[in-house]
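The values are calculated or read from the model by the stated rules, or taken from the named source; none is laboratory data. Small disclaimer: the values here were computed from a predicted structure and weren't measured. Positions of Cβ are backbone-derived with ideal geometry, glycine not excepted, and every protein chain shown enters the neighbour counts.
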Amino acid sequence: MGFVYLMRETVALLTPMDLFYCFVAVQLGIVFGMLPGLTATVGIAILTALTFQWDPGNAILVLIGVYVGAIYGGSRSAILLNIPGTPASAATCLDGYPLSRSGHAAEALGLATTASFLGSMAGLVALSFLTPVLGGFALEFKSYEVFWLAVFGVAICGNLTAAGDPVKGWVAGLLGIMLSFVGMETIQGFRRFTFGVSELMAGFGIIPVLVGTYGIVEILSSLSDTSPEQRVPQIGRTLPQLRDVAANWVNIVRSGVIGVFTGVIPGVGENIGSFVAYDFAKRASKHPEKFGKGSIEGLIASETGNNAVVGGALVPVLALAIPGSPPAAVLLAALFLHNIRPGPMLVIENPMYMYRFSAMFLLASFAMFILGILIVKPLLKLLMIRKSIMMPIILVLCMVGTYAIAGRPFDILVMIVFGLLGYPMRKLGYPEAPFVLGIILGPMVDENLRRGMLLSYGNPAAFFVSPISIALVIMTFFTLFGRTRAVRSVFSIAMRPLRSTMRSVGRTFGLLRRNGNSMPPSTDDEDDRRERRTREESRR
Amino acid sequence: MNENSGMPRGDFVVSVILVVFSVWVIHMSLTMRRFGELGLAASPGLSPLVFAALLLICGLILLRRSLAQRGYRMGLSSRKSAAFLRAMETRHFVVVLASIVIYYLFLGVVHFVIISAVYVFFIIWYFKGVAWWKNLLISVLSGTIIWFSFDQVFLIPLP
């Protein structure tokens, strides 16, 4: 029945005026997402002010369009310039930019568009049909669980982005977390590491840090590079081949589900979603060695993940009036401004609104797909511009984007300083992504650690009690130490009885050949082989 | 874990900085004000203490690894330093960085369009991007379009 309601609301939205608003909003969102520094949050905030006097239906359609477009738009600059337009696209840089450098920019942009669209569809399913159920799931995450989730996010990111040397990834992540502690903390209002500088009381903003560590570093690196500029001829088609998408259907479904669940958890947002989806895709892939070097699977996972988060993040907005991400928080405020009261009573007071909202999201996702595919060819021309012309213009945009967030010149200084910090980090092999993710998740880690300690009267055991916490602790442990020899041998010994049971079950059902040793290789063995292969390749 | 990062000297310098930095943060965290009867458990210094300790462990791992690879042998000489300073890459880096800092210092003092156009013009001129009149056109147009779109259309205040 829900599907019928959704279709009815979608058909009702198919008027020329609504379609026009939707396409313009999505295009605006894509532009906001592409520009370094300008995020979905800024886009929605600006459009909230501009559409304040509008009819609520059109205004909310425009805001959803900007949200969907901006999260998707971040992948454009990530793929073409290695500068993520929004924090959500940081994981897209890992494989999108290498694909672009190898002459497959059109293919990468087309695949990212398709993956984003499919991710949005996963979000739509959650938003339309699972809102009451997932709303309850979101409430299961208290201080202890959110703390572990944030730690897990940084651990995954550190491992992924510095696969050859995870210690460097962890150092970058920990350094990011440490720097996020600068400023006035939220529980007791105590000033930490501010040294009397009043501007530091607000801490380091996410956008100045993101633009500095990616944008400024890219500008400094490419302009100081003396090797002759090479224009890579772009090959490949814009519309992805069906077999590429079909071959990744498990990856898409998995990333979509991960994105939705990450989005549903209040405050976590799209920044972790794409990294978790990427990590799971890498673990499940037959070619993990290609990840970070232009893997289609990696690109699909990160783009599906971050767009599925959008739908997921809107679930608690509707079900509980709690935002799942910063842009969702602004959207929630806009809903209140337009006299729409989301929350547990919405289903009783205005039962059809959930479907109307989902229909707007569906329309915005289609607009994103159509516009995304149409603008690939013009965007490719960016790669033809000389870097000595493009980079200074990008710097001006970085300055504007950073300043626009809070109107503080200090943020521009922060951006430059983080650029200076990021440059040697990149040269020395310390990845930027966990560093930025550490700064994003640091306040969440700090607040939830201390709140949890206060709630448990100083007993740290409370962090290891709930099933979700235990699962997250185990996942974090295996992420950090799963590849060390000691853990692997202990795990292998622990798994031996299970393996022999499986073998005997297999024999019973005649699944195995009689000559033995025909059991499918264990994941440990596979991991060993993969690691050896990767090491050999990197040595070559 | 990778025992051979290929950058022992860099790892040595970074690990020393990390160890000193994390020890300093641990000291600062322990001396931070404590509220209520829970002491350190509810203190604002708890999170910095925990994560500085983890950073210290990572720093020590890096230090041990770099020492094993003799990363402490810096191999610095006046000839190498002079060659580094004279290198085109270093020169480009310094010019780009200095231009960014000067651009930042003049933002808000000189009108956005003028300072942005001057900055873009200078960088294109320095890297010999295009002919001067094309350069002038690109600089003025880019500054004006950005100012118009943000300041006039989106109503975002510019510095």
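In table form, for the structure just shown:
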item	result
Pair list, Cβ < 9 Å and 6+ apart or interchain, from the stretch A:180-202 residues that are more than 9 Å from chain B (Cβ to nearest Cβ) to residues that are among the hydroxyl-bearing types (Ser, Thr, Tyr)	A:182/A:194; A:183/A:194; A:184/A:194; A:200/A:194; A:201/A:194
Residue A:464 in the same structural domain as residue A:93 (by TED's automatic domain parsing) and buried (at least 24 other Cβ atoms within 10 Å of the Cβ)	no
Residue B:113 vs. criteria more than 26 Å from the chain's Cα centre (by Cα), closer than 30 Å to residue A:49 by Cβ, of a type in the set (Val, Ile, Thr) and surrounded by 16 or more Cβ atoms within 10 Å (Cβ to Cβ)	yes
Selection count where residues are more than 9 Å from every other protein chain (Cβ to nearest Cβ) and farther than 18 Å from residue A:194 by Cβ, scope the stretch B:38-54	1
Residue check, residue B:85 assigned to a helix (DSSP H, G or I), farther than 30 Å from residue A:169 by Cβ and among the aliphatic types (A, V, I, L, M)	yes
Residues that are of a type in the set (Val, Ile, Thr), without any contact (Cβ under 8 Å) to a residue 40 or more places away in the chain and closer than 20 Å to residue A:282 by Cα, drawn from the stretch A:464-486	A:474, A:484
From the options A:471, A:364, residue that is more than 12 Å from chain B (Cβ to nearest Cβ), surrounded by fewer than 19 Cβ atoms within 10 Å (Cβ to Cβ), closer than 30 Å to residue A:122 by Cβ and not aromatic (Phe, Trp, Tyr)	A:471
Any hit, the stretch A:484-497, residues being within 11 Å of chain B (Cβ to nearest Cβ), closer than 30 Å to residue A:168 by Cβ, out of contact with any His (no Cβ under 7 Å at 6 or more places or on another chain) and modelled with pLDDT of 75 or more	no
Flag if residue B:120 is among the hydrophobic types (A, V, I, L, M, F, W, C), within 21 Å of the chain's Cα centre (by Cα), surrounded by 13 or more Cβ atoms within 10 Å (Cβ to Cβ) and at the interface with chain A (Cβ under 7 Å from one of its Cβ atoms)	no
Any chance residue A:376 is more than 9 Å from chain B (Cβ to nearest Cβ), more than 23 Å from residue A:13 (Cα to Cα), modelled with pLDDT of 85 or more and out of contact with any Phe, Trp or Tyr (no Cβ under 8 Å at 6 or more places or on another chain)	no
Residue count, the stretch A:235-255 (criterion: modelled with pLDDT under 85, polar (S, T, N, Q) and buried (at least 17 other Cβ atoms within 10 Å of the Cβ))	1
Number of the condition not met by residue B:128 [criteria: (1) among the charged types (D, E, K, R); (2) within 8 Å of another protein chain (Cβ to nearest Cβ); (3) over 18 Å from residue A:393 (Cβ atoms)]	(3)
Check on residue A:124, touching a Phe, Trp or Tyr at 6+ places or on another chain (Cβ under 7 Å), over 16 Å from residue A:373 (Cα atoms) and in a helix (DSSP H, G or I)	yes
Failed item, numbered, when residue A:457 is tested on (1) in the same structural domain as residue A:192 (by TED's automatic domain parsing); (2) not in a loop (DSSP other than H, G, I, E, B)	(2)
Matching residues, the stretch A:166-202, being in contact with an Asp or Glu (Cβ under 9 Å, 6 or more places away or on another chain) and not in a helix (DSSP H, G or I)	A:181, A:185, A:186, A:187, A:191, A:192
Boolean, residue A:412 is in contact with a strand residue (DSSP E or B) (Cβ under 8 Å, 6 or more places away or on another chain), at the interface with another protein chain (Cβ under 9 Å from one of its Cβ atoms) and assigned to a helix (DSSP H, G or I)	yes
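Here is a yes/no grid of residues against (1) in contact with a Lys or Arg (Cβ under 7 Å, 6 or more places away or on another chain); (2) crowded, with 24+ Cβ neighbours inside 10 Å; (3) outside any helix (DSSP H, G or I):
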| site | (1), (2), (3) |
| --- | --- |
| A:26 | no, yes, no |
| A:46 | no, no, no |
| A:68 | no, yes, no |
| A:78 | no, yes, no |
| A:84 | no, yes, yes |
